[in-house]
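Enquirer: Have a look at this one before I ask anything.
The values are calculated or read from the model by the stated rules, or taken from the named source; none is laboratory data. Note that the structure is predicted; figures quoted are calculated from it, not measured. Neighbour counts run over all protein chains shown; Cβ positions are idealised from the backbone, glycine included.
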Amino acid sequence: MAPAKFDVAVLGAGIIGSAVARELARRGRSVVVLEAGEVAGETSCRAMGHVGVYDDSPAQLVLTRFARGLWDEVEPEVPSEVDFVRWGALWLADTEEEMSVVEHKAEVYARAGVPAEVVDGRRLSEMEPNVRRGLPGALWVPGDIVVDAAEATRFLARSAEAAGAEIRTHTRVRSIGREALELDRGGRVRADRFVVATGWRAPELLPSLPVRPRKGHIVLTTPRPGYVRHQLSEVGYVRGSNPRTAEAIDFSCQPRSSGRYLLGATRQYVGTSLDVDPQVVERLVQRARRFLPDFHRIPVERTWAGLRPAGPDGVPILGPMPGRPELILAVAHEGIGITTSIATGRLVAEIVDGQTPSIPLDDFRPEKFGLRSAGAKPRARRPPRRPTGRRPRGTGGPSPVR
Ligand SMILES: Cc1cc2nc3c(=O)[nH]c(=O)nc-3n(C[C@H](O)[C@H](O)[C@H](O)COP(=O)(O)OP(=O)(O)OC[C@H]3O[C@@H](n4cnc5c(N)ncnc54)[C@H](O)[C@@H]3O)c2cc1C
């Protein structure tokens, strides 16, 4: 029987809420997860699955290095459908000038103790025979992983349940009080702590949160095994991932063990529609051809779009809302939420348990983003409509892309 009051209520069963619930339940906490739709029903089933070390900022580097290490620890538990493969990543330089970016990146990774190696154009051609001849080189990061984002989310949710967490789907939270959540369909859920993991929708409940939907398009190809052998990204990607860049179309190509490829990555602040814009897809494919000249010869299986929960800084907002120690934020993971999910679970659990955090949290604290205690008031406006885009063909979401 459900307790009258849970230790922790987690809002949202995307990859962040699922990872938080798993870690807390494994530590013996009574946990309930309230999810408006299905597990992995929103952004976490629309993502690529690069679990990488990213260095857009020092804070991001510390967090993602820690995060990738936790995925390494979890690997023995991961079921095959998650398609966990250590493909390694290649950060490609498009021009000679960009080789200086590659070299700088190599130094940053070396200082952080992340194995990485600069490879020249000849070596790159051996590693990736289908990339454009004449590219000057790349940074090879052998430890980077790729997972199926939707299946990874379901795996984390299932293991939360196995550890005793209760997941209530189709249960939308209307407002967050000091001791209880009010549900849309009526009723309340009482808990000592509340963890907000509602992705890009976080401001619906807490209007002061600086989180915006940042749309990304994805192309999934039909199988062509061996065409690409690593997670490929252009090293100029960091320009587009900057939260202040209004629109970016950068090359990122991700192999799956089925021989299919996911192609990204676009970033646009264009509202909440999930409609696929054929012109954006065309630009994405054109960008890919700069690095993989005959990419267009691989037939496309399907396309879709997702909404990243973007904050002001390219790093998540983690920690108690000022003045509300019972209300813990785990939002704004933007383009690194798959990578940092397990790490977020660990850090949130350490906050709940009053432990010293595994990494310093100063760069992620709500105060840093100007948040004050007044944010947690009941929703006074109607929520935005659910995204209007058609779901990609398949079962309930664009998940299996292996
Ligand atoms: C195109 C694209 C490519 C990406 N590629 C990568 C990548 O390669 N690597 C990487 O690390 N990250 C990547 N990301 C980022 C990653 O997908 C996100 O950071 C991550 O999925 C965010 O997870 P979340 O749990 O915060 O949000 P979501 O998955 O959106 O989950 C939030 C959940 O909260 C629920 N919810 C909302 N409001 C309420 C409410 N009031 N009551 C109850 N439930 C509610 C929603 O229904 C939803 O299920 C990509 C994202 C996109 C869009």
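Enquirer: For region 216-248, give me the residue count where each residue is farther than 25 Å from PRO142 by Cα, surrounded by fewer than 21 Cβ atoms within 10 Å (Cβ to Cβ) and in contact (Cβ under 8 Å) with a residue 24 or more places away in the chain. Working first, answer last.
Expert: Quick first cut of region 216-248, residues farther than 25 Å from PRO142 by Cα only: 216-217, 222, 243-248.
Subset that is surrounded by fewer than 21 Cβ atoms within 10 Å (Cβ to Cβ): 222, 243-248.
Those left that are additionally in contact (Cβ under 8 Å) with a residue 24 or more places away in the chain: 222, 243.
The total comes to 2.
Enquirer: In this structure, does GLU75 turn out to be among the charged types (D, E, K, R) and crowded, with 24+ Cβ neighbours inside 10 Å?
Expert: Spelling it out, it is not the case that GLU75 is among the charged types (D, E, K, R) and crowded, with 24+ Cβ neighbours inside 10 Å.
Enquirer: For region 113-159, enumerate the residues that are assigned to a helix (DSSP H, G or I), more than 16 Å from the ligand (Cβ to nearest atom) and in contact (Cβ under 8 Å) with a residue 40 or more places away in the chain.
Expert: MET127
Enquirer: Something else about it: Among what's in region 42-60 and is touching a strand residue (DSSP E or B) at 6+ places or on another chain (Cβ under 7 Å) and among the small types (Gly, Ala, Ser), pick the residue that is nearest to the ligand (Cβ to nearest atom).
Expert: Narrowing region 42-60 to residues touching a strand residue (DSSP E or B) at 6+ places or on another chain (Cβ under 7 Å): 43, 46-53.
Now narrow it down to the ones that are among the small types (Gly, Ala, Ser): 47, 49, 52.
On the way: ALA47: 3, GLY49: 5, GLY52: 7 Å.
That would be ALA47.
Enquirer: For region 302-314, check the following and say yes or no: at least one residue is over 18 Å from the mean Cα position of the chain (by Cα) and either touching a residue at least 24 places away in the same chain (Cβ under 8 Å) or in a loop (DSSP other than H, G, I, E, B) (or both).
Expert: yes
Enquirer: Here's another thing I want to ask about it. Just the residues that are within 25 Å of SER273 (Cβ to Cβ) and more than 10 Å from the ligand (Cβ to nearest atom), please, taken from region 295-310.
Expert: VAL300, GLU301, ARG302, THR303 - these are the residues of region 295-310 that are within 25 Å of SER273 (Cβ to Cβ) and more than 10 Å from the ligand (Cβ to nearest atom).
Enquirer: Given the conditions (1) touching a Gly at 6+ places or on another chain (Cβ under 9 Å); (2) within 21 Å of LEU92 (Cβ to Cβ); (3) hydroxyl-bearing (Ser, Thr, Tyr), which single one is not true for TYR261?
Expert: It fails just one condition, (1).
Enquirer: Under 25 Å from LYS105 (Cα atoms), within 13 Å of the ligand (Cβ to nearest atom) and not in a strand (DSSP E or B), is that true of LEU284?
Expert: On the way: under 25 Å from LYS105 (Cα atoms): yes; within 13 Å of the ligand (Cβ to nearest atom): yes; not in a strand (DSSP E or B): yes.
Judged against the criteria, LEU284 is a match.
Enquirer: When you check GLY259 against the structure, is it surrounded by fewer than 22 Cβ atoms within 10 Å (Cβ to Cβ) and either within 11 Å of the ligand (Cβ to nearest atom) or within 14 Å of the chain's Cα centre (by Cα) (or both), yes or no?
Expert: Considered against the rule, which asks whether it is surrounded by fewer than 22 Cβ atoms within 10 Å (Cβ to Cβ) and either within 11 Å of the ligand (Cβ to nearest atom) or within 14 Å of the chain's Cα centre (by Cα) (or both), GLY259 comes out as no.
Enquirer: Test of understanding: among PHE84, PHE66, which residue is closer than 25 Å to LEU263 by Cα and either within 15 Å of the ligand (Cβ to nearest atom) or not aromatic (Phe, Trp, Tyr) (or both)?
Expert: Being closer than 25 Å to LEU263 by Cα and either within 15 Å of the ligand (Cβ to nearest atom) or not aromatic (Phe, Trp, Tyr) (or both) holds for just one of PHE84, PHE66, which is PHE84.
Enquirer: A further question on this structure: Mind listing whichever residues of region 160-174 are outside any loop (DSSP other than H, G, I, E, B), surrounded by fewer than 22 Cβ atoms within 10 Å (Cβ to Cβ) and not charged (D, E, K, R)?
Expert: Of all residues in region 160-174, those outside any loop (DSSP other than H, G, I, E, B) come to 160-162, 166-168, 173-174.
Restricting the remaining residues to those that are surrounded by fewer than 22 Cβ atoms within 10 Å (Cβ to Cβ) gives 161-162, 166-168, 174.
If the condition is that a residue be outside any loop (DSSP other than H, G, I, E, B), surrounded by fewer than 22 Cβ atoms within 10 Å (Cβ to Cβ) and not charged (D, E, K, R), then ALA162, ILE167 are the ones that fit.
Enquirer: Return a yes/no flag: does region 91-107 have any residue that is at pLDDT 95 or above, within 21 Å of the chain's Cα centre (by Cα) and not polar (S, T, N, Q).
Expert: Among the residues of region 91-107, at least one is at pLDDT 95 or above, within 21 Å of the chain's Cα centre (by Cα) and not polar (S, T, N, Q), which makes the answer yes.
Enquirer: Please specify each residue of region 332-389 satisfying the condition of being away from the ligand (no atom under 16 Å from the Cβ), at pLDDT 95 or above and outside any helix (DSSP H, G or I).
Expert: ASP353, GLY354, GLN355, THR356, PRO357, SER358, ILE359, PRO360, LEU361, ARG365
Enquirer: What number of residues within region 1-19 satisfy the criterion of being outside any loop (DSSP other than H, G, I, E, B) and either of a type in the set (D, E, K, R) or surrounded by fewer than 24 Cβ atoms within 10 Å (Cβ to Cβ) (or both)?
Expert: Going through region 1-19 one residue at a time, the tally reaches 2.
Enquirer: Would you say VAL62 is surrounded by fewer than 24 Cβ atoms within 10 Å (Cβ to Cβ) and either among the hydrophobic types (A, V, I, L, M, F, W, C) or in a loop (DSSP other than H, G, I, E, B) (or both)?
Expert: Yes; evaluated as a whole, the condition is true for this residue.
Enquirer: Shifting gears a bit: Counting only residues that are without any contact (Cβ under 8 Å) to a residue 60 or more places away in the chain and touching a strand residue (DSSP E or B) at 6+ places or on another chain (Cβ under 9 Å), which one in region 262-282 is surrounded by the most Cβ atoms within 10 Å (Cβ to Cβ)?
Expert: Checking each candidate, the answer is LEU263.
Enquirer: Show the residue pairs meeting these rules: Cβ distance below 9 Å; 6+ apart or different chains; first residue within region 283-299 and on the phi < 0 side of the Ramachandran plot; second residue loosely packed, with under 13 Cβ neighbours inside 10 Å and not in a helix (DSSP H, G or I).
Expert: Close Cβ pairs (under 9 Å, with a partner that is loosely packed, with under 13 Cβ neighbours inside 10 Å and not in a helix (DSSP H, G or I)) amount to PRO293/ARG133.
Enquirer: While we're looking at this one, here's another question. Of everything in region 188-239, what is in a loop (DSSP other than H, G, I, E, B), of a type outside the set (A, V, I, L, M, F, W, C), more than 30 Å from PRO293 (Cβ to Cβ) and touching a Leu at 6+ places or on another chain (Cβ under 9 Å)? Give them in sequence order.
Expert: Taking region 188-239 and keeping what is in a loop (DSSP other than H, G, I, E, B), we get 197-198, 206-211, 222-230, 235-236.
Keeping just the survivors that are of a type outside the set (A, V, I, L, M, F, W, C) gives 198, 207-208, 210, 222-227, 229-230, 236.
Next cut, more than 30 Å from PRO293 (Cβ to Cβ) only: 198, 207-208, 210.
The answer is THR198, SER208, PRO210.
Enquirer: Looking only at residues that are crowded, with 24+ Cβ neighbours inside 10 Å and within 6 Å of the ligand (Cβ to nearest atom) in region 20-41, which one is nearest to VAL10 (Cα to Cα)?
Expert: So, considering only residues that are crowded, with 24+ Cβ neighbours inside 10 Å and within 6 Å of the ligand (Cβ to nearest atom), the one nearest to VAL10 (Cα to Cα) is LEU34.
Enquirer: Within region 177-195, does at least one residue satisfy the condition of being within 15 Å of the chain's Cα centre (by Cα), in contact (Cβ under 8 Å) with a residue 12 or more places away in the chain and near the ligand (Cβ under 9 Å from one of its atoms)?
Expert: Within region 177-195, the subset within 15 Å of the chain's Cα centre (by Cα) is none.
There is no residue in region 177-195 that is within 15 Å of the chain's Cα centre (by Cα), in contact (Cβ under 8 Å) with a residue 12 or more places away in the chain and near the ligand (Cβ under 9 Å from one of its atoms).
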